[in-house]
Amino acid sequence: MRVARIIGKDEDARRLKQMLDQVKTAFAHEFVAPSGRLTYDDQTSYAPALLHGLVPEGRKDAAINYFKTAIHRTGGRLGTGFIGTPALLPALDSVGEGALAGEVFLREEVPGWLYRVKRGATTIWERWDAVQEDGTIYNPQMNSFNHYAFGAVCQWLLESVAGFRPDEAEHGFKSIIFSPTIIDGLSPVSAEYASKNGVVRATWSVDGDAVRYHFTVPEGARGRLKLSQDYSDVTMNGVSLLPGIEHAVGPGRAPGFVQL
């Protein structure tokens, strides 16, 4: 019976992989031109497509350029709704455009998260302009001040900016990946998460041309540090590390020093 169950799982995985390949092929045929331009040339189309690997490799670089152009057309502000917003900044990160993701996040005009902060928000609003610049309130019939959709950016803040996320292969933060996206305008950054295996913490600050990154792996977990090849002179606990290579880290607090 045990062998039968294993075979069944392998067969399920094979079928899911086959279905995934079929979806990717159909999507590319229907929505991705040979030039890499998507049928709907907007941020909401490019963000999920690039984030979930739906653009063929041969057309990916061109699609990324179209994606960036779509952002520049809006003056560097986001142009997404409830569907595209959760994917926008993670998609930019996934294609090596973390700096542009930071620029979009730090915009203080409507539409933008920091506009709300400037207006005194402590929750996420349903509308970007729920409170107008003159302090007046938008139509209360459609004006929730505690609405999830645009708050999806908080996942990006934890997983990309603070730089810790659970390993997809092991649930419950048993294995934690540390890989921060450094955005000068957000320094200093501090975040923590109370997982079932203990509290995960990460902080970083920019000091001149260097970044100090500290993180804590709970006693009931293990960590993996992944830093991009953009960094140089990386040390942890006084030991030099090669960027671009994954490094295992055990439980406890790990001080890091990253030279930009």
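Derivation of every value follows stated rules applied to the coordinates shown; laboratory data play no part. Quantities reported herein were computed from a predicted structural model and do not represent experimental measurements. Cβ atoms come from the backbone with ideal geometry, glycine included; neighbour counts cover every protein chain shown.
Listed values, structure above:
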{"item": "Spin-label pair residue 11/residue 121, simplified geometry with 7 Å Cα→Cβ offset, distance in nm", "result": "5.0 nm"}
{"item": "Relative contact order of the range 117-244, defined on C-alpha pairs under 8 angstrom at six or more residues apart (%)", "result": "16 percent"}
{"item": "Proxy reagent accessibility, fewest Cβ within 10 Å first, across 193, 40, 213", "result": "40, 193, 213"}
{"item": "For the range 158-163, 3J(HN,Hα) per residue [Karplus equation, 6.51 cos²θ - 1.76 cosθ + 1.60, θ = phi - 60°, Hz, x = Gly/Pro]", "result": "6, 6, 9, 6, 5, x"}
{"item": "Most mobile of 140, 48, 34 in a GNM of the chain (Cα contacts under 10 Å)", "result": "140"}
{"item": "q = 0.11, 0.13, 0.14 Å⁻¹, the range 32-152: log10 I(q)/I(0) [Debye, one scatterer per Cα]", "result": "-0.40, -0.54, -0.61"}
{"item": "Centroid-to-centroid separation of the range 44-69 and the range 143-207 [C-alpha atoms, Å]", "result": "24 Å"}
{"item": "Residues 72, 52, sorted so that the one with the fewest Cβ neighbours within 10 Å comes first", "result": "72, 52"}
{"item": "Linear extension gain, residue 245 paired with residue 74, 0.36 nm per residue minus alpha-carbon span", "result": "57.9 nm"}
{"item": "Column: log10 I(q)/I(0), Debye, Cα scatterers of the chain, q = 0.07, 0.08 Å⁻¹", "result": "-0.31, -0.41"}
{"item": "Per-residue [θ]222 nm for the chain (sum of -39500 (n - 2.57) over DSSP H runs n ≥ 4, rounded to 500)", "result": "-10000 deg cm²/dmol"}
{"item": "Computed P(r) (all Cα pairs; the range 193-252; 5 Å bins; percent)", "result": "4, 16, 25, 25, 16, 10, 3, 0"}
{"item": "The chain: DSSP helices with Cα axial extent of at least 27 Å and average Kyte-Doolittle hydropathy no lower than 1.6", "result": "none"}
{"item": "With eigenvalues of the C-alpha gyration tensor scaled by 5 and rooted, the range 121-260, Å", "result": "34, 19, 11"}
{"item": "Too-long pairs where the Cα-Cα distance tops 23 Å, listed order kept, from 68/226; 9/196; 24/60", "result": "68/226; 9/196"}
{"item": "Relative contact order (%) - the range 169-259, alpha-carbon pairs under 8 angstrom, separation at least six", "result": "28 percent"}
{"item": "Protection proxy ranking of 22-29, 92-99 - average other beta-carbon atoms within 10 Å, highest first", "result": "92-99, 22-29"}
{"item": "Cross-link reach list, aspartates and glutamates versus residue 174, counting only Cα pairs under 14 Å and skipping chain neighbours closer than eight places", "result": "219"}
{"item": "Difference of contour (0.36 nm per residue) and Cα-Cα distance, residue 25 to residue 226", "result": "69.2 nm"}
{"item": "Label-point gap, in nm, between residue 171 and residue 52 - each point 7 angstrom along Cα→Cβ", "result": "2.0 nm"}
{"item": "Residue-count net charge about residue 33 - beta-carbon cut-off 10 Å; Lys, Arg +1, Asp, Glu -1", "result": "+1"}
